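Sharing a structure, written as structure tokens. Questions coming.
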Amino acid sequence: MYKKIHLFGLGIALIIAAIWLLVGGRADDDISVLDRLPDHDYIAEINDLMQQKRWGEAKTICEDVIALDLPSANKARELQAKCQLESGKIYNRLYKAGKGFITGEPDGSLEELGGSVVSDMLMYGDIRDLVKQGYFKLTNRETDPVITALAAAGLLTEFVDVADWAPAALKAFRKIGAITDSLGRYIIKTSADIFKTGKIDSACKNFFLNLKTMLNNTGFIRSSRIIKYAQSADDVALLASSAKTSPHATHLVARTANERTVEVIEAVNKHKDSPALLKKIARKGANSLKLISRTGKILHKGHPAEFLRQMLGGYFYLLSLFIIIAGIWLIYRSVKKSSVPMNISTDKIKFSFSFFR
């Protein structure tokens with residue numbers, strides 16, 4: 001008798017456990033789940049950049065922290081003033097801008113990026129880069145076909161009506177490693193098409209207009225970080241849209257997400273309050289990325305169901321189904337064993353009736 005009860009109870013327990021696994025650990029839209037995470041230490045990051053004398057980059061992070069009113073905003077204001085003082089020194093500005101203009105090899109600082117872009121907007125910059133790439137080719141050194149294509153495209157007058165600085169900006173980004181090979185191939189193909197047809201098609205115009213939108217809303221330093229891992233023109237469009245809506249948060253998220261930037265921005269856009277989620281990710285940093293699903297939902301880490309989902313993938317649901325079937329089978333066995341055969345003799349039935357008379 002006890003064995004039957006145990007089987008029945010175990011079956012019920014298995015079914016409840018399966019339902020608990022299926023329902024538990026599910027993702028939802030509750031951004032407050034991220035509040036339990038510690039805030040990202042932007043002050044340490046800013047100090048590190050300042051030690052490297054990358055004043056412009058450090059200042060942009062200070063501006064982002066202040067604009068988003070993050071907990072470290074007061075300290076960021078102090079560091080921003082110091083960055084402004086150092087980057088504002090005439091010697092530093094002239095030296096870096098001049099170096100960027102003459103060599104066309106920016107180091108990522110605002111001044112050198114600006115100098116490089118200014119030179120590239122002139123015929124001097126494009127000719128300089130074409131000569132350098134030609135020299136590299138003759139001396140068996142590695143050349144960059146993206147730089148060559150952009151330098152050649154920069155000499156075309158067709159860009160004046162769209163964005164005459166577009167090739168210059170892309171060249172500067174490429175030189176500091178902010179253009180992927182995949183996006184570089186798109187740029188080479190686009191440049192080749194322009195040379196063949198003598199015109200800029202609508203897709204190419206949209207690409208450069210999206211780049212212009214990004215630059216206008218975030219500036220060169222932020223844009224170089226945001227676009228760094230874009231693989232296609234569609235990625236640039238996505239990032240430009242995010243930069244237009246939330247320039248400061250998009251920059252900080254890009255610094256945190258790195259090669260996952262496009263994936264994270266896509267996921268955030270699927271959330272019902274994407275600006276708030278983007279700001280929260282910017283505040284919490286890398287740890288928050290682990291809690292964002294591809295559909296923009298917030299995962300509840302720590303629940304066994306979530307661990308099993310990640311470990312088993314699609315097999316998680318097969319496991320849950322197996323547990324439910326096992327539970328039903330145990331209940332069936334317990335009920336079947338409880339049914340006793342009715343082998344009662346006729347004499348006993350007659351006796352029972354006579355007794356109640």
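The values are calculated or read from the model by the stated rules, or taken from the named source; none is laboratory data. Keep in mind it's a predicted model, so treat the numbers as computed, not measured. Here Cβ is always computed from backbone atoms with ideal geometry, including for glycine, and neighbour counts include all displayed protein chains. Ligands, DNA and RNA are stripped out before the accessible areas are found, and what is left, the full protein with its side chains, is counted by its heavy atoms. Shrake-Rupley method; radii C 1.70, N 1.55, O 1.52, S 1.80 Å.
So if R0 is 30 Å, what FRET efficiency would Ala286 and Trp329 give, r being the distance between their Cβ atoms, rounded to the nearest 0.05?
Rounded to the nearest 0.05, the efficiency is 0.10.
Now for a different question. Which pairs break 28 Å Cα to Cα here: Lys228/Lys279; Lys53/Lys284; Lys228/Lys280; Lys205/Lys279; Lys75/Lys284; Lys53/Lys75? Numbers along the way, then the final one.
Values: Lys228/Lys279 20 Å; Lys53/Lys284 26 Å; Lys228/Lys280 22 Å; Lys205/Lys279 31 Å; Lys75/Lys284 17 Å; Lys53/Lys75 18 Å.
Beyond 28 Å: Lys205/Lys279.
Then there's this: Can you tell me the length gained on complete extension of the stretch Leu318 to Asn258, counting 0.36 nm per residue apart and subtracting the Cα distance? Could the numbers behind the result be given before it?
Working: separation 60, 0.36 × 60 = 21.60 nm, distance 3.47 nm.
That works out to 18.1 nm of additional length.
Arranged from highest to lowest average of other beta-carbon atoms within 10 Å per residue, in what order do the peptides 246-257, 70-81 appear?
Sorting 246-257, 70-81 by mean packing, highest first, produces 246-257, 70-81.
Oh, and also: Say R0 is 35 Å: what FRET efficiency, to the nearest 0.05, do Thr197 and Asn269 get from their beta-carbon distance?
After rounding to 0.05, the efficiency reads 0.55.
Listed highest first by mean packing, meaning other Cβ atoms within 10 Å per residue, what order do 42-50, 280-288 come in?
With the highest mean Cβ count within 10 Å placed first, the list reads 280-288, 42-50.
On the full set of protein chains, 1.4 Å probe, figure out the accessible area of Ser232 and give it in Å² to the nearest 10.
40 Å²
Pull up all non-local amide H partners of Ile292: gap of 5 or more, or a different chain, and H-to-H distance under 5 Å with H placed in the peptide plane.
Amide H to amide H, under 5 Å and 5 or more residues apart or across chains, Ile292 pairs with Leu299.
Calculate the spin-label point distance for Leu10 paired with Lys82, positioning each point 7 Å from the Cα along the beta-carbon direction, and give it in nanometres.
It works out to 6.7 nm between the two label points.
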